[in-house]
Amino acid sequence: MRIVAGKFAGRDLLGPSDFRVRPTAEHVRAALLDLLAGDLKDARVLDLFAGTGALGLEALSRGAMSADFVETRPSSLHALKANIGICRMGKCTRIFKKDAVRFAAALTTPDHYGIAFADPPYESRQLDMVIESWQANRFSPVLAVEHAVTHIIPPGAQHKVFDESAVTIYRR
């Protein structure tokens with residue numbers, strides 16, 4: 001796993017030792033960030049269910065100003081901290097060891113972040129709850145989610161399918 005584009009392009013990232021963690025595939029991450037290219041410059045990014053932090057770090061590599069990562073699993077937190085160190089992005093990142101669904105639900109200020117990413121376990125109701133929180137509070141103008149193709153969610157502004165994965169982008 002590596003950063004695909006931007007100022008950190010080609011940097012290898014560590015993956016967690018937890019087999020339950022499914023990092024976003026490079027081609028999916030690249031396509032998703034390409035779809036968001038116009039939104040990235042100087043954006044405050046939120047990476048819910050951050051895992052290795054690849055989505056948030058890719059956004060920073062492509063021009064985002066800062067990234068907040070929300071993760072609870074110890075092996076993912078270890079990899080996340082290491083990857084932030086590899087990219088030397090400690091000054092513009094924060095890690096929250098919290099439940100991502102509760103974190104999103106607590107965001108009541110509109111446009112708290114410029115872009116929010118959510119990549120929970122596939123077929124999990126957690127994704128539905130994050131989307132509901134975003135619809136209620138619009139904590140970012142853009143919510144980008146990765147999900148299983150079979151997971152039915154509300155239609156977004158953009159939708160792209162990659163084998164068994166899909167990304168949906170919601171815009172205010």
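The values are calculated or read from the model by the stated rules, or taken from the named source; none is laboratory data. The structure displayed is predicted, hence computed values, not measured ones. Please note: Cβ atoms are built from the backbone with ideal geometry, for glycine as well, and neighbour counts cover all protein chains shown. Please note that ligands, DNA and RNA were not included when accessible areas were found on the heavy atoms of the full protein model with its side chains. Shrake-Rupley method; radii C 1.70, N 1.55, O 1.52, S 1.80 Å.
If you go through segment 80-91 one residue at a time, how many are of a type outside the set (Gly, Ala, Ser) and open to solvent by 30 Å² or more (accessible area, probe 1.4 Å)?
Final tally of qualifying residues: 4.
If the requirement is being touching a residue at least 40 places away in the same chain (Cβ under 8 Å), within 23 Å of Lys7 (Cα to Cα) and either small (Gly, Ala, Ser) or out of contact with any helix residue (DSSP H, G or I) (no Cβ under 7 Å at 6 or more places or on another chain) (or both), which of these qualifies: Gly85, Gly90, Gly53? Reasoning before the result, please.
Numbers: Gly85 fails: touching a residue at least 40 places away in the same chain (Cβ under 8 Å); Gly90 fails: touching a residue at least 40 places away in the same chain (Cβ under 8 Å).
After applying the criteria, what remains is Gly53.
Just the residues that are over 17 Å from Ala50 (Cβ atoms) and among the β-branched types (Val, Ile, Thr), please, taken from segment 106-141.
Thr108, Thr109, Ile131
Suppose we filter Ser66, Ser140 for residues that are in contact (Cβ under 8 Å) with a residue 40 or more places away in the chain and among the hydroxyl-bearing types (Ser, Thr, Tyr); which single one remains? Before you say what the answer is, go through the steps one by one.
Details: Ser66 fails: in contact (Cβ under 8 Å) with a residue 40 or more places away in the chain.
Selected residue: Ser140, the only one of Ser66, Ser140 that is in contact (Cβ under 8 Å) with a residue 40 or more places away in the chain and among the hydroxyl-bearing types (Ser, Thr, Tyr).
Tell me which residues, restricted to segment 45-74, are surrounded by fewer than 21 Cβ atoms within 10 Å (Cβ to Cβ) and under 14 Å from His112 (Cα atoms).
Across segment 45-74, the qualifying residues are Met65, Ser66, Asp68.
Applying the selection to segment 92-128, what residues are within 18 Å of Ala166 (Cβ to Cβ), part of a helix (DSSP H, G or I) and open to solvent by 30 Å² or more (accessible area, probe 1.4 Å)?
Arg125, Gln126, Asp128
Given the conditions (1) over 17 Å from Glu58 (Cβ atoms); (2) touching a helix residue (DSSP H, G or I) at 6+ places or on another chain (Cβ under 8 Å), which single one is not true for Lys98?
In the conditions (1) over 17 Å from Glu58 (Cβ atoms); (2) touching a helix residue (DSSP H, G or I) at 6+ places or on another chain (Cβ under 8 Å), Lys98 misses (2) alone.
So which residues in segment 129-145 are under 18 Å from Ala67 (Cα atoms) and open to solvent by 10 Å² or more (accessible area, probe 1.4 Å), if there are any at all?
Arg138, Pro141
Check whether at least one residue in segment 3-23 is open to solvent by less than 10 Å² (accessible area, probe 1.4 Å), out of contact with any strand residue (DSSP E or B) (no Cβ under 9 Å at 6 or more places or on another chain), modelled with pLDDT under 95 and of a type in the set (Gly, Ala, Ser), and report yes or no.
no
Please state which of the following conditions Leu77 fails to meet, knowing it meets all the rest: (1) in contact (Cβ under 8 Å) with a residue 40 or more places away in the chain; (2) more than 22 Å from Thr168 (Cβ to Cβ); (3) crowded, with 17+ Cβ neighbours inside 10 Å.
(1)
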